Amino acid sequence: MVGLTDFKFGDIVVFYPPLPGHENERYIKRLIGLPGDTIEIKDGALYRNGQKVDEPYVKEPMNYTYGPVTVPANQYFFLGDNRNESLDSHMWPTPFVDKSKIVGKAMFRYYPFGSIGGLN
(Lines give C-alpha, C1' and ligand atoms only; values in the text may rest on other atoms or scores of the structure.)
Protein backbone atom coordinates (compact mmCIF):
# COMPACT_ATOMS: atom_id res chain seq x y z
CA MET A 1 0.00 0.00 0.00
CA VAL A 2 1.19 3.50 -0.83
CA GLY A 3 1.96 5.65 2.20
CA LEU A 4 -0.32 8.65 2.61
CA THR A 5 2.65 10.99 2.39
CA ASP A 6 3.19 9.68 -1.16
CA PHE A 7 -0.08 11.21 -2.38
CA LYS A 8 -0.04 14.27 -4.59
CA PHE A 9 -2.68 16.44 -6.22
CA GLY A 10 -4.34 14.71 -9.14
CA ASP A 11 -3.68 11.16 -7.92
CA ILE A 12 -6.53 8.74 -8.45
CA VAL A 13 -7.30 7.13 -5.09
CA VAL A 14 -9.50 4.30 -3.82
CA PHE A 15 -11.26 4.94 -0.50
CA TYR A 16 -14.36 4.30 1.61
CA PRO A 17 -16.57 7.44 1.46
CA PRO A 18 -18.11 9.19 4.49
CA LEU A 19 -21.51 8.90 2.79
CA PRO A 20 -24.41 7.41 4.76
CA GLY A 21 -25.45 4.11 3.20
CA HIS A 22 -22.23 3.84 1.16
CA GLU A 23 -19.60 3.47 3.91
CA ASN A 24 -18.70 -0.08 2.83
CA GLU A 25 -18.37 0.72 -0.88
CA ARG A 26 -15.05 1.58 -2.48
CA TYR A 27 -14.99 4.82 -4.43
CA ILE A 28 -12.31 5.92 -6.86
CA LYS A 29 -11.83 9.66 -7.34
CA ARG A 30 -9.15 12.25 -7.99
CA LEU A 31 -7.32 13.76 -4.99
CA ILE A 32 -8.04 17.48 -4.94
CA GLY A 33 -7.29 18.66 -1.41
CA LEU A 34 -4.67 17.69 1.17
CA PRO A 35 -4.86 18.61 4.88
CA GLY A 36 -4.72 22.40 5.27
CA ASP A 37 -5.75 23.20 1.68
CA THR A 38 -8.61 25.59 0.99
CA ILE A 39 -10.83 24.40 -1.86
CA GLU A 40 -13.32 26.49 -3.81
CA ILE A 41 -15.26 25.95 -7.04
CA LYS A 42 -16.47 29.05 -8.85
CA ASP A 43 -16.91 30.26 -12.41
CA GLY A 44 -16.61 26.66 -13.67
CA ALA A 45 -13.12 26.14 -12.22
CA LEU A 46 -11.36 24.66 -9.21
CA TYR A 47 -9.31 26.92 -6.93
CA ARG A 48 -6.83 25.47 -4.43
CA ASN A 49 -5.42 27.91 -1.89
CA GLY A 50 -6.66 30.81 -4.01
CA GLN A 51 -4.96 29.62 -7.22
CA LYS A 52 -6.90 28.40 -10.24
CA VAL A 53 -6.00 24.76 -11.01
CA ASP A 54 -5.44 23.55 -14.57
CA GLU A 55 -7.39 20.31 -14.93
CA PRO A 56 -7.18 18.95 -18.51
CA TYR A 57 -8.76 15.65 -17.39
CA VAL A 58 -12.11 17.23 -16.40
CA LYS A 59 -14.89 16.34 -18.83
CA GLU A 60 -16.54 19.80 -18.81
CA PRO A 61 -16.53 22.96 -16.68
CA MET A 62 -18.35 22.65 -13.37
CA ASN A 63 -21.86 24.10 -13.37
CA TYR A 64 -21.96 24.68 -9.60
CA THR A 65 -20.21 26.68 -6.91
CA TYR A 66 -18.75 25.22 -3.73
CA GLY A 67 -16.84 26.45 -0.72
CA PRO A 68 -14.49 27.73 0.20
CA VAL A 69 -13.73 24.91 2.65
CA THR A 70 -10.48 24.08 4.41
CA VAL A 71 -9.46 20.42 4.57
CA PRO A 72 -8.93 19.38 8.22
CA ALA A 73 -5.87 17.52 9.54
CA ASN A 74 -5.79 13.83 8.56
CA GLN A 75 -8.56 14.37 5.98
CA TYR A 76 -8.68 14.53 2.16
CA PHE A 77 -11.00 16.07 -0.45
CA PHE A 78 -11.89 14.17 -3.65
CA LEU A 79 -13.71 15.00 -6.88
CA GLY A 80 -14.58 12.86 -9.89
CA ASP A 81 -13.47 13.84 -13.39
CA ASN A 82 -17.09 14.04 -14.59
CA ARG A 83 -17.69 16.78 -12.01
CA ASN A 84 -21.28 17.66 -12.89
CA GLU A 85 -22.41 14.03 -12.51
CA SER A 86 -20.03 12.73 -9.84
CA LEU A 87 -21.15 11.71 -6.35
CA ASP A 88 -18.07 13.13 -4.63
CA SER A 89 -16.90 15.42 -1.80
CA HIS A 90 -18.85 18.44 -3.01
CA MET A 91 -22.15 16.52 -2.58
CA TRP A 92 -21.53 14.64 0.68
CA PRO A 93 -22.87 15.90 4.04
CA THR A 94 -19.31 15.40 5.35
CA PRO A 95 -17.03 16.34 2.43
CA PHE A 96 -13.76 14.98 3.81
CA VAL A 97 -12.36 11.44 3.79
CA ASP A 98 -10.39 10.42 6.87
CA LYS A 99 -6.93 8.97 6.18
CA SER A 100 -8.04 5.71 7.87
CA LYS A 101 -10.57 5.22 5.02
CA ILE A 102 -7.95 5.36 2.26
CA VAL A 103 -7.33 2.03 0.49
CA GLY A 104 -4.57 3.14 -1.89
CA LYS A 105 -3.60 4.89 -5.08
CA ALA A 106 -4.75 3.59 -8.47
CA MET A 107 -1.72 2.79 -10.62
CA PHE A 108 -3.18 1.21 -13.78
CA ARG A 109 -6.30 1.76 -15.92
CA TYR A 110 -8.13 -1.27 -17.33
CA TYR A 111 -11.22 0.48 -18.66
CA PRO A 112 -12.18 2.02 -21.00
CA PHE A 113 -10.22 -0.39 -23.15
CA GLY A 114 -8.99 2.40 -25.43
CA SER A 115 -7.27 3.98 -22.42
CA ILE A 116 -5.59 0.91 -20.89
CA GLY A 117 -2.26 1.77 -19.32
CA GLY A 118 -0.45 3.29 -16.39
CA LEU A 119 -1.73 6.36 -14.59
CA ASN A 120 0.47 9.40 -14.14
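For the residues Lys59, Lys29, the requirement of being charged (D, E, K, R), touching a residue at least 24 places away in the same chain (Cβ under 8 Å) and crowded, with 18+ Cβ neighbours inside 10 Å singles out Lys29. The residues of the range 62-71 that are open to solvent by 50 Å² or more (accessible area, probe 1.4 Å) and either in a strand (DSSP E or B) or touching a strand residue (DSSP E or B) at 6+ places or on another chain (Cβ under 9 Å) (or both), listed by number, are Thr65, Pro68, Thr70. Quick check on the range 85-105. Is at least one of its residues modelled with pLDDT under 90, in a strand (DSSP E or B) and either in contact with a strand residue (DSSP E or B) (Cβ under 6 Å, 6 or more places away or on another chain) or open to solvent by 50 Å² or more (accessible area, probe 1.4 Å) (or both)? Yes: the range 85-105 contains one or more residues that are modelled with pLDDT under 90, in a strand (DSSP E or B) and either in contact with a strand residue (DSSP E or B) (Cβ under 6 Å, 6 or more places away or on another chain) or open to solvent by 50 Å² or more (accessible area, probe 1.4 Å) (or both). Of the residues making up the range 48-95, those that are among the small types (Gly, Ala, Ser) and more than 15 Å from the chain's Cα centre (by Cα) are Gly50, Ala73.
The values are calculated or read from the model by the stated rules, or taken from the named source; none is laboratory data. As the structure is a computational prediction, the values presented were derived from the model and not from experiment. A quick note on method: Cβ atoms are made from the backbone with ideal geometry, for glycine too, and the neighbour counts reach across all protein chains shown. Please note that ligands, DNA and RNA were not included when accessible areas were found on the heavy atoms of the full protein model with its side chains. Shrake-Rupley method; radii C 1.70, N 1.55, O 1.52, S 1.80 Å.
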